[in-house]
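The values are calculated or read from the model by the stated rules, or taken from the named source; none is laboratory data. Note that the structure is a prediction, hence the values are computed from the model and not measured. Cβ placement follows ideal geometry from the backbone for every residue including glycine, while neighbour counts extend to all protein chains displayed. Side chains are part of the model used for accessible areas, which takes the heavy atoms of the whole protein and leaves out ligands, DNA and RNA. Shrake-Rupley method; radii C 1.70, N 1.55, O 1.52, S 1.80 Å.
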Amino acid sequence: MTDESKAEDLFFEADNLIDDNKIKEAKEVLLDLLNEYPDYGRAHNHLGWLYSVKFNNHTKAKKHLELALKFSPDYQGVYANYAYLLLEMNKYDELINFGKKYADKGVADAGTIYNKMAQAFELKGEYLEAHKYYKLAVKGAINNQFMEELYASINRLKSKMNIFQKLSLINKI
């Protein structure tokens, strides 16, 4: 068995454990995998996601997701996971810069990245920029439920705007 094949087998074992909600076991398999293959980016992504979502350890999550970006820059899922994490950590400017760097590169899900950027701008109180990025997210969306969420976000955002901000949206049409 080749090293690559062994690494993939361990990765898929961990992935199946996650699917079966055997989180601790999945974490151990991922840690073993990374101990032997420290540059296996997809394992860093899954471990980063586990630390973020299941263990609420943002510091470790960020470290592993950044390693996933470094070692597996073509792995699409890591971009969304990293954007979600940055928003959750209130790192709005870092998220916006990350999104500007990767959203249009064709490797990330642009709709998701733009949505997270829009949320960051909204939370910063920069409603016109948020509106711009929600609209960009709509252009990249192909899922009806996601589209409905985006339109709900746009409506929520408009309710936060003052009259002058709303008028400036009309003038852009």
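For Cα pairs less than 8 Å apart in space and 6+ apart in sequence, what is the mean separation divided by the residue count of the chain, i.e. the relative contact order in percent?
Once normalised by length, the contact order is 12 percent.
Take each of the peptides 2-9, 90-97, average the number of other beta-carbon atoms within 10 Å over its residues, and list them starting from the highest.
The peptides rank, most packed first, as 90-97, 2-9.
Rounded, prolate or oblate: which fits the stretch 63-150 when a ≥ b ≥ c are the square roots of the eigenvalues of the alpha-carbon gyration tensor, with rounded for a/c under 1.5 and prolate only if a/b beats b/c?
It is oblate, given that a/c is not under 1.5 and a/b is not larger than b/c.
What does the charge add up to near Asn35, with Lys and Arg as +1, Asp and Glu as -1, over the other residues with Cβ less than 14 Å from its Cβ?
Net of charged neighbours comes to -3.
Measure off, as a whole percent, the carbon and sulfur share of the 1.4 Å-probe accessible area of the chain, all protein chains present.
Of the solvent-accessible surface of the chain, carbon and sulfur hold 49 percent.
Please check which bits of the stretch 123-153 a label hung off Ile163 would reach, taking the label as a point 7 Å along Cα-to-C-beta and the cut-off as backbone N under 20 Å.
Of the residues in the stretch 123-153, 127-128 have backbone N under 20 Å from the label point off Ile163.
Can you tally the net charge around Tyr82? Count Lys and Arg as +1, Asp and Glu as -1, for every other residue whose Cβ sits under 15 Å from the Cβ of Tyr82.
+4
Full-extension gain between Glu36 and Arg156, please, as 0.36 nm times their residue separation minus the C-alpha to C-alpha distance.
38.4 nm
For the pair Asn56 and Lys139, how long in nm is the line joining their label points, each one 7 Å along Cα→Cβ?
Inter-label distance under the simple model: 3.9 nm.
For Cα Rg over 2.2 N^0.38 Å, pick the label among [x] 1.19; [y] 0.99; [z] 1.49 that corresponds to the value derived from the coordinates.
Among [x] 1.19; [y] 0.99; [z] 1.49, the one calculated here is [x].
Figure the gain on full extension for Glu13 and Lys105 (residue separation times 0.36 nm, minus the Cα-Cα span) and round it to one decimal in nm.
Once the chain is fully extended between Glu13 and Lys105, it gains 30.0 nm.
If you roll a 1.4 Å probe over the heavy atoms of the protein chains, what accessible area per residue do you get for the stretch 56-173, in Å²?
Accessible area per residue, the stretch 56-173: 57 Å².
Quick one: net charge around Phe55, please, counting Lys, Arg +1 and Asp, Glu -1 for every other residue with C-beta under 15 Å from its C-beta.
Net charge in that neighbourhood comes out at +4.
For the pair Gln76 and Asp20, how long in nm is the line joining their label points, each one 7 Å along Cα→Cβ?
A separation of 2.8 nm, rounded to one decimal place.
So how far apart, in nm, are the two label points at Glu88 and Glu28 if each is 7 Å from Cα heading toward Cβ?
In this crude spin-label approximation the distance works out to 2.3 nm.
Which of the three applies to the stretch 58-100, rounded, prolate or oblate, going by the alpha-carbon gyration tensor with a ≥ b ≥ c and a/c under 1.5 meaning rounded?
Judged from the Cα gyration tensor, the stretch 58-100 comes out oblate (a/c at least 1.5, b/c at or above a/b).
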